1. Anything in the range 223-249 that is surrounded by 23 or more Cβ atoms within 10 Å (Cβ to Cβ) and more than 16 Å from ligand 2 (Cβ to nearest atom)? List them, or say none.
2. Condition first: away from ligand 2 (no atom under 12 Å from the Cβ) and over 11 Å from residue 381 (Cα atoms). Now tell me which residues in the range 122-137 satisfy that.
3. Being open to solvent by 50 Å² or more (accessible area, probe 1.4 Å), touching a residue at least 60 places away in the same chain (Cβ under 8 Å) and part of a loop (DSSP other than H, G, I, E, B) is the filter here; which residues of the range 135-163 pass it?
4. Is it true that residue 210 is of a type outside the set (A, V, I, L, M) and either in the same structural domain as residue 310 (by TED's automatic domain parsing) or within 15 Å of ligand 1 (Cβ to nearest atom) (or both)?
5. Out of 264, 259, report the one residue that is outside the structural domain of residue 156 (by TED's automatic domain parsing), within 30 Å of residue 372 (Cβ to Cβ) and within 21 Å of the chain's Cα centre (by Cα).
6. List the strands (runs of 3 or more DSSP E) that sit entirely inside the range 1-65 and contain at least 1 residues that are at pLDDT below 85 and outside the structural domain of residue 141 (by TED's automatic domain parsing).
7. Please find, among 115, 101, the residue that is free of Cβ contacts under 8 Å to residues at least 24 places away in the same chain, more than 11 Å from ligand 1 (Cβ to nearest atom) and touching a Phe, Trp or Tyr at 6+ places or on another chain (Cβ under 9 Å).
8. Out of the residues in the range 66-117 meeting the condition of being of a type outside the set (S, T, N, Q) and in a helix (DSSP H, G or I), tell me which one is nearest to residue 143 (Cα to Cα).
Amino acid sequence: MTFSMFTAFILSCNAPTSSTVPETTNIEDEVLVKAEGKDSMILLTDRPPNLETPLKFFLHDYTPNKVFFVRWHLAGLPGVVDEDTFRLRIGGHVNKDVALSLHDLKTKFTPVTISALCQCSGNSRSFFDPRVPGGQWKNGAMGNAKWTGVKLSDLLAYAGVRKGAVEVSFDGLDMPPAPTIADFVKSLKYDHANDGEVMVAYEMNGEPLPLLNGYPLKLVVPGWYATYWVGMLSDIQVLDKPFEGFWMKNAYKIPKGISNGNESPDSLATDMEPINVMDVRSIFVSPEPNEIIKAGKKSDIQGLAFDGGFGITKMELSADDGKTWKEARLDPELGKYSWRRWHYDFTPPGKGDYALLVKATNARGETQPMHQWNRSGYMRNEIEVLPLKAE
Ligand SMILES: Nc1nc2c(c(=O)[nH]1)N[C@H]1C(S)=C(S)[C@@H](COP(=O)(O)O)O[C@H]1N2
Ligand SMILES: [Mo]
């Protein structure tokens with residue numbers, strides 16, 4: 001394995017060749033880059049690589065691997081992973097420590113495939129008002145894919161879990177760039193890890209994962225925010241006491257038991273818990289903001305809706321700032337953990353400016369708030385507004 005702290009993954013960039021670097025980046029100023037194994041994507045940071053999917057690719061039900069968003073915390077990423085020598089290790093509170101090759105994973109266990117949305121906790125953070133620190137993502141820190149691999153419960157049974165297991169931790173090949181920074185390790189409660197849905201994927205949309213999406217293995221935690229979807233997964237530990245690492249104990253915390261992770265800037269929540277199931281949410285995909293549509297003519301407005309796996313049951317749009325709502329049509333489900341596409345016919349009566357609002361409701365009756373905020377910019381699900389011009 002080649003470990004290079006500062007592997008350059010960005011191959012080319014269309015940023016203006018001006019000699020001055022702006023001190024603040026306006027979210028309207030997108031810089032598109034081509035990274036290793038990827039097509040043009042929106043650049044957030046280059047070391048570690050953080051790349052956003054341009055909105056137009058959400059016209060696909062399954063996000064193409066070449067533009068699937070990329071999010072790493074630590075700059076110490078291997079530039080290449082050798083498929084022959086790579087091993088996934090399982091140890092800790094088990095009967096036998098095991099080391100499995102990719103070939104073992106593909107031949108010793110029954111393969112499973114699931115469609116699931118992988119959404120960063122901080123997706124759409126740039127829209128929080130007041131602004132919060134962290135990656136200033138728009139809506140492209142998510143992607144929907146078909147994941148193929150092995151059930152984690154099968155792997156745990158293979159190693160033989162001893163009595164008294166409470167949690168399972170997951171570590172990847174990425175390394176902190178300095179000893180003072182904590183390695184990226186996440187954990188799940190043992191019962192969740194062993195539920196038969198959590199899986200270790202070796203394929204994404206029928207192909208090996210791109211290196212930048214965690215080749216060769218990614219933990220898939222259906223319905224949960226992507227911070228748990230550990231990439232370049234190389235080490236699984238069964239634990240007989242709760243995991244105490246930085247990325248569980250300190251980072252990725254939300255106000256406990258509060259819907260949509262809401263809190264207010266002048267009275268921050270004090271009781272916090274690790275982020276978990278995705279809240280209900282919808283976005284506009286087409287037309288894009290400020291696009292020009294035809295006055296007096298029907299326009300297809302379409303977008304996506306998703307939640308933590310309970311199922312989207314109703315989509316509504318409003319053209320009068322939320323006073324009245326009309327139902328939109330839902331496309332067939334792609335799977336309970338996938339996003340679901342919706343369509344709405346909108347005919348602007350005359351020329352002028354319009355603003356559409358969109359709201360999803362799920363099978364548990366949960367819906368989206370008019371306003372949402374928290375200090376970390378997580379779980380964004382405020383009702384989205386689409387400005388349009390009719391001519
Ligand atoms: N090993 C490792 N896995 C990781 C991360 C990381 O920094 N290191 N980031 C997590 C976060 S916060 C997100 S949003 C997803 C992003 O997955 P992607 O880069 O394949 O889109 O990976 C998760 N898995
Ligand atoms: Mo994330």
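The values are calculated or read from the model by the stated rules, or taken from the named source; none is laboratory data. A quick note: this is a predicted structure, and the numbers were derived from the prediction, not measured. Every residue, glycine as well, gets a Cβ built from its backbone with ideal geometry; the counts of neighbours run over all protein chains shown. Just so you know, the surface numbers come from the protein's heavy atoms only, side chains and all, with ligands and any DNA or RNA stripped out. Shrake-Rupley method; radii C 1.70, N 1.55, O 1.52, S 1.80 Å.
1. Scanning the range 223-249 gives 236, 238.
2. Those that are away from ligand 2 (no atom under 12 Å from the Cβ) and over 11 Å from residue 381 (Cα atoms): 126, 129, 130, 131, 132, 133, 136.
3. Within the range 135-163, 136, 162 meet the criteria.
4. Values: of a type outside the set (A, V, I, L, M): yes; either in the same structural domain as residue 310 (by TED's automatic domain parsing) or within 15 Å of ligand 1 (Cβ to nearest atom) (or both): yes.
Criteria met by residue 210.
5. 259
6. In the range 1-65, 10-13 are the strands (runs of 3 or more DSSP E) which contain 1 or more residues that are at pLDDT below 85 and outside the structural domain of residue 141 (by TED's automatic domain parsing).
7. On the way: 115 fails: free of Cβ contacts under 8 Å to residues at least 24 places away in the same chain.
One residue alone meets the criteria, 101.
8. Ranking the qualifying residues of the range 66-117, first place goes to 67.
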